[in-house]
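The values are calculated or read from the model by the stated rules, or taken from the named source; none is laboratory data. Bear in mind that the values here come from a model prediction, so they are computed numbers and not experimental data. Cβ atoms come from the backbone with ideal geometry, glycine included; neighbour counts cover every protein chain shown. Quick note on the areas: whole protein, heavy atoms, side chains included, nothing else; ligands and nucleic acids left out. Shrake-Rupley method; radii C 1.70, N 1.55, O 1.52, S 1.80 Å.
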Amino acid sequence: MNQRPQPDTALTVPSLHRWNAVFWVLLGLVPPALAVADAPGTTRLPVLGLLAVLALSYGAVGLFPGNPALRPRPYLYVLVVGLGAMSYLLDGGAALFVVTLPHFWIYSASARAAIALSGLAAAGVVAGNVVRQGWDGEFFTGNVIFTLIGYAAGVLIGLGVRHITEDADERARRLSAELEEARLRLIEAHHRQGAADERERLAREIHDTLAQGFASIIVLAEAARSGLATDPGRSGKHLLAIENTARENLAEARVLVGSAPASGVAAGSVADTLRRTLDRFAEDTGTGVTFELPDVTCDQQTRIALLRCTQESLANIRKHAEASTVEVVLTAQPYGIELEITDDGRGFVTEDSHGFGLHGMRKRLDELGGELTVTSSVGDGTRVLAMIPTDRQG
């Protein structure tokens, strides 16, 4: 949280500090040094020595604000004494006092301290002038009047600048608090979104794997039961298929709970993986399946996405299409890999379909920069086209 600079802190606006140092040297220290260049040694040497002390003190505080030798508060007392002594030596130090006034506001902890210390410096300048002229001289000289006017103007300007600075600091604090609150809300929103995305991912994985496996087990169990009396051999094949499907579901369940490799799909050729899936579907359902599955090169994410799209499409054909034939074509295009799955089943109105399966396929392909196109009409079968680019980043 932003705070107003304390006595032992550096300026918050270094550029203003540098400009102030330049003006103080050029308008405050150089003129007295030039003024005593031709003066007798009794005047020149003390003035030059005092100017050197003031310059070194300011350099120590301005350039090395954390130095243990001279802290800001003692430096301001050095200014008070130095300004009074300079007024005495030169018989007038109002100009140096006015140029030095910003130092009291820069290095004081509060406005009250700045007013008090600059007032003490003004008194020192007036006292030096009075002592130099003697008590019988005119009190309200030009130097005294200029010093008092400079002090009054310095107080008004200093209070105004301090007020503006405090308002700016308060606005900065409010803005910082609002930004922190917005940051926390954004983090919370990201956490909620992350949790929602993870739930959706798990739901999609369960639907694409376990749910379809259980649906296949039910169909196979019904076929096995109905053929026990008439065709025991075929029922035995169905029971073996049930066993294999159950094992696959168990493996998928282990993947979902994190006790198996994250992909859940053995490494290998995507064509071999799809071919095994299609052979199992043809064996379980008796549907005629034809396919063109050339050996295409792709990464594991693409392979998993193509497999899940195939599994979901076959599940929909099994449950809804009443198809007699299914054709699957895998193609490597210059822009990516395409998987086309066509059936001659009942078809449906695509605009009326809002199932979780199609949504899950689209979501999975979107994550890989791909797209899903579904073409169907009642009585004319269905065509599913999945495209995944091969030049995607990351």
### Query
So which residues in the range 55-110 are aromatic (Phe, Trp, Tyr) and either surrounded by 23 or more Cβ atoms within 10 Å (Cβ to Cβ) or assigned to a helix (DSSP H, G or I) (or both)?
TYR58, TYR75, TYR77, TYR88, PHE97, PHE104, TRP105, TYR107
### Query
Could you list, in sequence order, the residues of the range 303-353 that are in contact with a Cys (Cβ under 7 Å, 6 or more places away or on another chain) and over 23 Å from THR245 (Cβ atoms)?
ILE337
## Note on the structure
Of the residues in the range 378-392 that are of a type in the set (A, V, I, L, M) and surrounded by 14 or more Cβ atoms within 10 Å (Cβ to Cβ), the one that is nearest to the chain's Cα centre (by Cα) is ILE388
### Task
Could you look through the range 114-134, keep only residues that are under 14 Å from GLY154 (Cβ atoms) and open to solvent by less than 40 Å² (accessible area, probe 1.4 Å), and pick out the one that is farthest from the chain's Cα centre (by Cα)?
VAL125
#### Entry: Among the residues listed as LEU56, LEU45, the single one being at pLDDT 90 or above and under 47 Å from the mean Cα position of the chain (by Cα)
LEU56
### Query
For the range 90-109, how many residues meet the condition of being touching a Lys or Arg at 6+ places or on another chain (Cβ under 9 Å), among the aliphatic types (A, V, I, L, M) and closer than 12 Å to PRO31 by Cβ?
1
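Here is a yes/no grid of residues against (1) open to solvent by 80 Å² or more (accessible area, probe 1.4 Å); (2) out of contact with any Pro (no Cβ under 7 Å at 6 or more places or on another chain); (3) of a type outside the set (D, E, K, R):
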site: ALA152; (1), (2), (3): no, yes, yes
site: ILE157; (1), (2), (3): yes, yes, yes
site: GLY160; (1), (2), (3): no, yes, yes
site: ILE164; (1), (2), (3): yes, yes, yes
site: ALA168; (1), (2), (3): no, yes, yes
site: ARG173; (1), (2), (3): no, yes, no
site: LEU179; (1), (2), (3): yes, yes, yes
site: ALA189; (1), (2), (3): no, yes, yes
site: ARG192; (1), (2), (3): yes, yes, no
## Note on the structure
The condition from (1) at pLDDT 85 or above; (2) over 16 Å from GLY213 (Cβ atoms); (3) under 47 Å from the mean Cα position of the chain (by Cα); (4) not β-branched (Val, Ile, Thr) that SER269 misses is numbered (1)
### Task
Identify, from the list PRO232, PRO261, the residue that is over 19 Å from LEU314 (Cβ atoms) and at pLDDT 70 or above.
PRO232
### Message
Cβ-Cβ under 6 Å, sequence separation 6+ or interchain: first residue in the range 80-101 and in contact (Cβ under 8 Å) with a residue 60 or more places away in the chain, partner open to solvent by 10 Å² or more (accessible area, probe 1.4 Å). Which pairs?
### Response
VAL99/LEU27
### Task
Determine if the range 193-201 includes at least one residue that is touching a residue at least 40 places away in the same chain (Cβ under 8 Å) and part of a helix (DSSP H, G or I).
yes
